[in-house]
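The values are calculated or read from the model by the stated rules, or taken from the named source; none is laboratory data. Just so it is clear, the structure is predicted and the values come from calculations on it, not from any experiment. Quick reminder, even Gly has a Cβ in these numbers, built from the backbone with ideal geometry, and neighbours come from all protein chains shown. Heavy atoms of the whole protein, side chains included, go into the accessibility calculation; ligands, DNA and RNA do not. Shrake-Rupley method; radii C 1.70, N 1.55, O 1.52, S 1.80 Å.
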Amino acid sequence: MNTVSADPQLAEPYLLGWLASLGLDVEYVRAEGNTLYYLGENGEEIPVLDFAGGYGSLILGHNHPEIVAHAQQLIGSQTPVHAQFSRHPYANDVAVALNRILRRELGTEENYSAIFANTGAEAVEAAVKHAELDRGLRLAALREELAENLATARDAVTGGARVAPEAYRLVGVEEREGADGFEALAAEIERRNAEQTGRPPVLLTLEGGFHGKLVGSVQLTHNEGYRTPFAALATPSRFVPAGNAPALKAVLENERATVFDLVVEDGTVSVTERNSPVFCAFVLEPIQGEGGIRVLSEEFAQEIQRACAEVDCPIIVDEVQSGMGRSGDFLASSALGLRGDYYALAKSLGGGIAKTSVMLTRQSRYRSEFELVHSSTFAKDAFSCLISQKVLEMLEADDGAAYRAVRERGAKLMDMLAEVRADFPDVVKDVRGRGLMLGLEFHDQSGSGSEAIRESAPLLGYTVAGYLMREHRIRTFPTASAVNTLRFEPSLYLTDAEIGRLEQGLRAVCGLFRTHDGAGLTGTAAEAA
């Protein structure tokens, strides 16, 4: 299943060794549709049914003929890749096409400006960077306004205006007559405002979320194993339990920042309290991929929308895995009635060939200054943009036939998974997801009668993946932060026969768990009685 080389293994050798222990160290030589191929001992191609789907990157399958032909034509015509700092009409064409789709799904006329990147994590980080730039500019404007209002109040007091007694009580300063009293009040206001406006930004996200493993995005990823070793390098996030409206309200209230402002009216100086922009953003996935294929409820999505609007906290919707039609809609969040200030798209945007992503910012929040402080060598190149344009054309063709196919194929796949669960309720804990982003969760097996199964329990999904590969030539993996959950993210061209093959493999593995057959699961010698 893999080519043996005399050269030392220097490219991630530990990971390769771990994959080998599970029987997943396969060298694939060809791919088409939902199938990958490796070479057998005699050089023959052996097909593997791919339900991993590039972790959601292959909504149109491996090497779709239209995309391949388009890519070949682009390369053959010597389409430039490196033409940075020049006009990129093809990037604007992608942005226009995306906005056309967003207007339909969100029911809005407001445009979204596009910043291109290379990966999903980069798109998420670009959104966070833009949100922080916006917050900083709003904060600077607030500081300037507060200073101007204080100067106006000082002039008014010098001219004979009185300070309302309530002002002293609100700020917590002893009331005194005249300019001395005002200066004491002003000094405390300036001190407190400096403290509040100097607070670090607050990033909110959901428990179970995954937003990448870069320095910044990893702090938005809930899995402590990914996040904790690098906690000192970036701003930590506040994690909110999904579906818990009281917890969301408490976090927003506890993190809220306010400042004092001075107002002069009818010869009286009073103090008002105003919100200070401490919230950078709320980052969320409408369907948590690595967290176990968990769909955000419509009710909680609306609660997030309402609560964030009250404190002026922008919402970044991470559609890297769930977007591009995978849920049955172009955006999984649109079906929840959720409207983001930012969107991150990647994976299937590149059609399974190009490495590209995009961050979209609603026009009312967009800061053109961002274009001068953020850039990427490979982003926005002609090849990836023209591939993305082809992908969008294919998804939108025939009045969205692709989305209808995802919904129909997804329903068929979900029905099969539900039947497996119904027949093995002692083994399968849950099935969930939307469209062709589905998950099957196994019950914990740490109490199995098989020692081999008990030992595999901490990484159960990977052991199951190894079994499915070895015995059924089916490729799938567990979700990264919920390893008892297998993911299924095939292309929209999934056939009934392919669903049947997966059913056969899943029923077989459930039978092994039910009978405590650790030898059958792991492929090792039979256990002693």
What percentage of the solvent-accessible surface of the chain, computed with a 1.4 Å probe over protein heavy atoms, is contributed by carbon and sulfur atoms?
-> 52
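Asn92: net charge of surrounding residues, Cβ under 15 Å, Lys/Arg +1, Asp/Glu -1, itself excluded?
0
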Per residue, how much accessible area does the range 7-119 show when a 1.4 Å probe rolls over the protein heavy atoms, in square angstrom?
-> 56
Options [x] 0.96; [y] 1.12; [z] 1.07 for Rg/Rh (Cα atoms, Kirkwood Rh); the value derived from the coordinates is listed as [z]
Report the label-to-label distance for Val96 and Trp18 in nanometres (one decimal), using points 7 Å from each Cα along the Cα→Cβ vector.
-> 4.6
If you look at just the Cα atoms of the range 375-452, how large are its Rg and its Dmax in Å?
-> 20.1, 58
How about the chain: what cysteines have no other cysteine beta carbon under 4.7 Å from their own?
-> Cys280, Cys385, Cys510
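So, with +1 on the Cβ of K and R and -1 on the Cβ of D and E, and no other charges, what is the size of the charge dipole of the chain about its Cα centre, to the nearest 20 debye?
In debye, rounded to 20, the chain gives about 560.
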Which value, in debye to the nearest 20, gives the size of the charge dipole of the range 197-280 about its Cα centre, when Lys and Arg are +1 and Asp and Glu are -1 at the Cβ?
-> 460
With 0.36 nm assigned to each residue of separation and the Cα-Cα distance removed, Ser364 to Ala69 gains 102.3 nm
To the nearest 0.05, what FRET efficiency results for Glu148 and Asp426 with a Förster distance of 60 Å applied to their C-beta separation?
-> 0.30
Beta bridges by DSSP in the chain, antiparallel share as percent, to the nearest 5 | 70
Residue separation times 0.36 nm, minus the C-alpha to C-alpha distance between Arg162 and Glu132: what's the value?
-> 6.9 nm
Given 324-332, 39-47, 478-486, 185-193, the highest-first ranking by average Cβ count within 10 Å works out to 324-332, 478-486, 185-193, 39-47
Rounded to the nearest 500 deg cm²/dmol, what is the calculated helix-only ellipticity per residue at 222 nm for the chain, with -39500 (n - 2.57) per DSSP H run of length n ≥ 4?
-> -14000 deg cm²/dmol
When every alpha-carbon pair in the range 1-153 is counted, what percent end up more than 25 Å apart?
-> 62
Ordered by number, the chymotrypsin sites (Phe, Trp or Tyr not before Pro) in the range 47-89 that occupy a DSSP loop and have at most 14 other Cβ atoms within 10 Å are Phe85
Just tell me which aspartates and glutamates come within less than 16 Å, Cα to Cα, of Lys249; anything on the same chain fewer than 8 places away is out.
-> Glu207, Glu299, Glu303, Glu310, Asp312
Ratio of Rg to Rh over the range 109-207 (Cα coordinates, Kirkwood Rh, two decimals) | 1.20
Give the relative contact order (percent, whole number) for the range 1-51; include only Cα pairs under 8 Å separated by 6+ residues.
-> 30
Each label sits 7 Å from Cα toward the beta-carbon; between Phe85 and Ala247 the label points are separated, in nm, by 4.8
Taking only C-alpha pairs under 8 Å that are 6+ residues apart, what is the relative contact order of the chain in percent?
-> 20
Accessible solvent surface per residue of the range 261-404, calculated while the other protein chains remain in place, 1.4 angstrom probe, Å² | 34
Distant-in-sequence amide H partners of Ala257 (H built 1.01 Å from N, under 5 Å) | Ser276, Val278
Just how many % of Cα pairs in the range 354-395 lie over 18 Å apart, if you round to the nearest whole percent?
-> 42
Out of residues 5 or more away from Gly208 or on other chains, whose amide H comes under 5 Å of its own, with H placed 1.01 Å from N in the peptide plane?
-> His222
Round to the nearest 10 and report in Å² the accessible area of Arg294, as given by a 1.4 Å probe over the protein chains' heavy atoms.
-> 100
Return the distance in nm (one decimal) between the two label points of a simple spin-label model at Thr235 and Val29, each offset 7 Å from Cα along Cα→Cβ.
-> 5.1
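Among residues other than Tyr168 whose Cβ falls under 12 Å from its Cβ, what is the net charge (Lys/Arg +1, Asp/Glu -1)?
-2
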Unsatisfied cross-links (Cα-Cα over 22 Å) in the set Lys355/Lys380; Lys213/Lys347; Lys390/Lys412 | Lys390/Lys412
How long are the three semi-axes of the equivalent ellipsoid for the range 165-280, computed from the Cα gyration tensor as the root of 5 times each eigenvalue, in whole Å, largest first?
-> 41, 15, 10
Here the tail fraction of P(r) beyond 14 Å, over all Cα-Cα pairs of the range 37-122, rounds in percent to 80
What residues from the range 247-263 fall in the zone where the backbone N is under 11 Å from a label point 7 Å along the Cα-to-C-beta line of Arg176?
-> none
Between the range 222-300 and the range 308-384, what's the alpha-carbon centroid distance in Å?
-> 20
Counting only DSSP loop positions in the range 50-147, the GluC sites (Glu not before Pro) whose Cβ has at most 11 other Cβ atoms within 10 Å are Glu109
Compute the Cα gyration tensor for the range 441-491, then decide on rounded, prolate or oblate, letting a ≥ b ≥ c be the square roots of its eigenvalues: rounded whenever a/c is under 1.5, prolate when a/b is larger than b/c in the other cases, and oblate in all that remain.
-> oblate
Whole number in Å², please: accessible area per residue of the range 189-260, 1.4 Å probe, ligands, DNA and RNA not counted.
-> 48
